[in-house]
1. Quick one: which helices (runs of 4 or more DSSP H) sit completely within segment 3-79 and have at least 2 residues that are over 24 Å from Pro110 (Cβ atoms), touching a strand residue (DSSP E or B) at 6+ places or on another chain (Cβ under 9 Å) and at pLDDT 95 or above?
2. Scan segment 98-126 for residues that are surrounded by 13 or more Cβ atoms within 10 Å (Cβ to Cβ) and part of a helix (DSSP H, G or I) and jot them down.
3. Within segment 80-97, work out how many residues are out of contact with any helix residue (DSSP H, G or I) (no Cβ under 6 Å at 6 or more places or on another chain) and either of a type outside the set (Phe, Trp, Tyr) or assigned to a helix (DSSP H, G or I) (or both).
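The values are calculated or read from the model by the stated rules, or taken from the named source; none is laboratory data. Everything numeric here is computed off the predicted structure, so don't read it as measured data. Here the Cβ positions follow ideal geometry from the backbone for every residue, glycine too, while neighbour counts run over all protein chains shown.
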Amino acid sequence: MQVQLSQTIPSTILVIAKEPLIQTLMCSLVDLSGHRAAQPRGDETVAAAVARVRPRLLLLDCEHDGACEDEAYQAAARVGAEVLLFTPSRSRAEVADLAAERGLRSMALPIRLHEFTETLQSTLRA
């Protein structure tokens, strides 16, 4: 299946996930959606990775320790990055509630590539 990427301007998206397999999966989805995936280095903190990469969007696993810390959201705000919370293990409603507490958008896995791409695009337009 081929996704239409018309009018997609590639953006750098920093992916932060708790589990390495989920990190790889999300980076692949970012790349397939026409954007550039970036990852933190080694034991780099979320804030340090945001400062280094200066992403347009921070795709943050709500299970990652950084999702519970204000520092990650403050770092994203400093570089003008949107934040999109995701979850590989919670329900859509649970991650939506967590995101709503911070005024953010969210998504849950599993997700189809088309829906993933649309979610990224709508978040980047916000």
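1. Qualifying helices (runs of 4 or more DSSP H): 46-53, 70-79.
2. Leu98, Ala99, Leu113, Phe116, Thr117, Glu118, Thr119, Leu120, Gln121, Thr123, Leu124
3. 11
Here's the yes/no breakdown for (1) of a type in the set (Lys, Arg); (2) in contact with a Ser or Thr (Cβ under 9 Å, 6 or more places away or on another chain); (3) farther than 19 Å from Thr123 by Cα:
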| site | (1), (2), (3) |
| --- | --- |
| Ser11 | no, no, no |
| Asp31 | no, no, no |
| His35 | no, yes, no |
| Pro40 | no, no, yes |
| His64 | no, no, yes |
| Cys68 | no, no, yes |
| Val83 | no, yes, no |
| Ser89 | no, no, yes |
